[in-house]
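What follows is a set of notes on a single structure, which appears directly below.
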């Protein structure tokens, strides 16, 4: 279970390309392309260097007009999807 202290980084099994406000990721394990919306792309670009979930939340709150509760729920949902597809790694 992820919390604010969980460290998030990009998996070595993922390569990406920036396309305007979106990011496209190729999962090397499954050969599937994944498209990220602007907020998910912001998260992806931020974790080019490892960040904790708490740090990511603070950066999103500074960048977007969103409440902390909604930010937390949406952030964890995005990170879980990336983790499920082996595009990120976490250290708890």
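Just so it is clear, none of the values below were taken in a lab; they were calculated from the coordinates. It should be emphasised that the depicted structure is a prediction, and the values quoted were computed from it without experimental measurement. So basically every Cβ, Gly included, is an ideal-geometry build from the backbone, and we count neighbours across all protein chains shown.
Structure values in brief
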item: Helix-only CD estimate at 222 nm, as mean residue ellipticity for the chain, using -39500 (n - 2.57) per DSSP H run (n ≥ 4); result: -12500 deg cm²/dmol
item: When the stretch 1-65 is reduced to its Cα atoms, the Kirkwood hydrodynamic radius in Å; result: 12.5 Å
item: The stretch 2-22-the stretch 53-84 distance, computed between alpha-carbon centres (Å); result: 13 Å
item: Burial order of peptide ranges 16-23, 84-91, 63-70 (average beta-carbon count within 10 Å, highest first); result: 84-91, 16-23, 63-70
item: Tilt relative to the chain, helix 53-63 - C-alpha long axis, 0 to 90 degrees, to 10; result: 80 degrees
item: Label point distance in nm, residue 22-residue 62, each placed 7 Å from Cα along Cα→Cβ; result: 2.8 nm
